[in-house]
Amino acid sequence: MLNDPISNEVDPRQYLFINYIDGYGNLQLYRNGQYESSIDKIGGAAYREPRDLLECGEEVWFDIRQNEDVVAAQNYICKGTNKNYALYYVNAYGGWDSLAIRGNVTQTDNMQSQTYKNKTNGKVKYLNTITPTWQLYTDDMNDGSKMHHLLESTEVYLHNLETDEIVPVIITDSNCVYKTYANQGNTRFHYIINVEASNYKIRK
């Protein structure tokens, strides 16, 4: 199993990725402890969409079994949120994971203007290059040991769960702090993740 999510809580509107290398058997899906189906996809990656699969409060469990023994497993819990963003990223093992953003989000459009001088009107702006950026606050947590999977990733997408728009982004933070409950003064903590769109917009 190539998944190692920061949190196993997923928003019912986001995509859920299951990544595995299966040389022995099929990936099996359980819902709330009950076997539901077997996903016959060898040596690749499968994904499900919680909006079709889950209701809030439900749990799904994916595992790979060899001779009825579980050799790999990953579970997810569906937990609704009134926030509207999720990040998808390639983790350090080469699998796709996700993180529902449960804190505040602020979007800013950074603008770079092109101008020319006109003898009559003086300086004239003729082009704006716009790069959207987002500041994302995570939910409070006790363990930040898996944040490196996201903060050091070179393949990241931001999903607006309200508009269903998915944008390729670059994480602009230059460090990854390994926070723990102990080294943060025995208190829960959060991360602030800064991203910018990979593609800029032009407005004339």
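So the values come out like this:
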quantity: Residue selected from the range 116-126 under the condition polar (S, T, N, Q) and in a loop (DSSP other than H, G, I, E, B), by the criterion surrounded by the most Cβ atoms within 10 Å (Cβ to Cβ); calculated: 121
quantity: Residue pairs meeting the criteria (Cβ under 9 Å; at least 6 apart or on separate chains; first closer than 17 Å to residue 168 by Cβ, in the range 114-138; second small (Gly, Ala, Ser) and in a loop (DSSP other than H, G, I, E, B)); calculated: 136/103
quantity: Residue, most open to solvent (accessible area, probe 1.4 Å), within the range 1-37, restricted to residues that are modelled with pLDDT of 70 or more and among the polar types (S, T, N, Q); calculated: 34
quantity: Test: residue 152 is under 22 Å from residue 15 (Cβ atoms), at pLDDT 95 or above, open to solvent by 70 Å² or more (accessible area, probe 1.4 Å) and of a type outside the set (Lys, Arg); calculated: yes
quantity: Hits in the range 88-97 - residues which are outside any strand (DSSP E or B) and at pLDDT below 95; calculated: 93, 94, 95
quantity: The range 153-184 - residue that is part of a loop (DSSP other than H, G, I, E, B) and within 13 Å of the chain's Cα centre (by Cα) and, of those, farthest from residue 90 (Cα to Cα); calculated: 161
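Okay, residues lined up against (1) among the polar types (S, T, N, Q); (2) surrounded by 11 or more Cβ atoms within 10 Å (Cβ to Cβ); (3) outside any loop (DSSP other than H, G, I, E, B):
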position	(1), (2), (3)
60	no, yes, yes
70	no, yes, yes
80	no, yes, no
86	no, yes, yes
99	no, yes, yes
103	no, yes, no
114	yes, yes, yes
128	yes, yes, yes
134	no, yes, yes
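The values are calculated or read from the model by the stated rules, or taken from the named source; none is laboratory data. Values in this document were obtained by computation on a predicted structure and should not be read as measured data. Please note: Cβ atoms are built from the backbone with ideal geometry, for glycine as well, and neighbour counts cover all protein chains shown. Remember, those area values only see protein heavy atoms, side chains included, never the ligands or the DNA or RNA. Shrake-Rupley method; radii C 1.70, N 1.55, O 1.52, S 1.80 Å.
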